[in-house]
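Below: one structure, written as structure tokens.
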Amino acid sequence: MKFSFSAINFIFGLTLLLIPSQGQGALDNSQDEDILRDVVGVEVKEAVSDYLKTHQIKGTPMVRDDKFYFTCADDLEIVATNETFKTIRVSCAYPVERNAYIRTRVEGSVVALNADNATNDTQATRIVLAHSVSAGELLTQENLKSVVLPHYNGFGGFFDLSHVLGRKTKTPLREGTVLLSRHLVPNWTIQAEQQVDIENTISGINVTTVGIALENGHVGDIIKVKNLNSDTVIEGFVINRKKIKINAKVDFM
């Protein structure tokens, strides 16, 4: 079978079109490499700051601009570990799931507000003091009562006795006072100067020692604690009212 010269040129040209060139392959690889980036403190700080602003929280991420966290090819996911916003989890899902926990310095107190507080009902049920109490007094069923307050325009307050029973007052309060969060001592999971168990996981083995909490914290917060055996100060997650855990993969949300 004979082929004309023009037919051979046509087949040769078609073959070149079907075979990708080395340059094209290099371009595709470089595009993949451009997607994968090093996530460092500057990006983390900006993402956490934006997250706090979105939730109307005044706070500062405690992050070094040049600190390396992980490589990522996806958007960062930001979420607070609890309602205090003292610890923020920064996550990346691709190419490998990575998490970093960032401490924040929050200005003022953060109170989770019940959406019902913002209603304009002409009547509102609130927990009030049945009689006057002194600073540091423990709240019980004897000194509390639930009442309907006609035309109550105040914002905040408690609706359920169980939310305040056993709490302590910050200052002296008069009979009939509508209880607000600012009237009460914060209900910390762990309080500063409290003795705690420090749990450390090493090669799959849990090692527990005794320490003293140096900061207040809720479940999910990262706080400083002093190891009484080594006399060193370390940081760990608040797990419950007695336990701090370090070197752990923790998921609170």
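Bear in mind that the values in this text are calculations on the coordinates, not laboratory data. Everything numeric here is computed off the predicted structure, so don't read it as measured data. Here Cβ is always computed from backbone atoms with ideal geometry, including for glycine, and neighbour counts include all displayed protein chains.
Decide, for region 37-106, between rounded, prolate and oblate: order the square roots of the alpha carbon gyration tensor eigenvalues as a ≥ b ≥ c, take rounded if a/c falls under 1.5, and otherwise choose prolate if a/b is larger than b/c, else oblate. Don't skip to the end; give the middle numbers.
On the way: a/c = 2.04, a/b = 1.57, b/c = 1.30.
Since a/c reaches 1.5 and a/b is larger than b/c, the shape of region 37-106 is classed as prolate.
Based only on other Cβ atoms within 10 Å, what is the fewest-to-most ordering of E215, E97, E77? Don't jump to the answer; show the numbers that get you there.
Values: E215 17, E97 10, E77 13.
Least to most surrounded, the residues fall as E97, E77, E215.
Give me the percent relative contact order of region 37-106, please, defined on Cα pairs under 8 angstrom at least 6 residues apart.
Working: 130 pairs, mean separation 22.7, N = 70.
In percent, rounded to a whole number, it is 32.
With a 10 Å Cβ neighbour count serving as the proxy for reagent exposure, in which order, fewest first, do K170, K86 appear? Write down the numbers at each step before the final one.
Details: K170 13, K86 24.
Fewest-to-most ranking of K170, K86: K170, K86.
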Practice problem: Give, in nm to one decimal, the length gained when the segment between T54 and I35 is fully stretched (0.36 nm per residue of separation minus the Cα-Cα distance). | Solution: 4.2 nm
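Which order do S203, S49, S134 fall in if you start with the one that has the fewest other Cβ atoms within 10 Å? Write out the running numbers ahead of the final one.
Values: S203 4, S49 17, S134 9.
Lowest count first: S203, S134, S49.
Take peptides 64-72, 182-190 and line them up by average Cβ neighbours within 10 Å, highest first, as a rough protection proxy. List each step's numbers first, then the result.
Details: 64-72: 13.4, 182-190: 16.2.
Most protected by this proxy first, the peptides run 182-190, 64-72.
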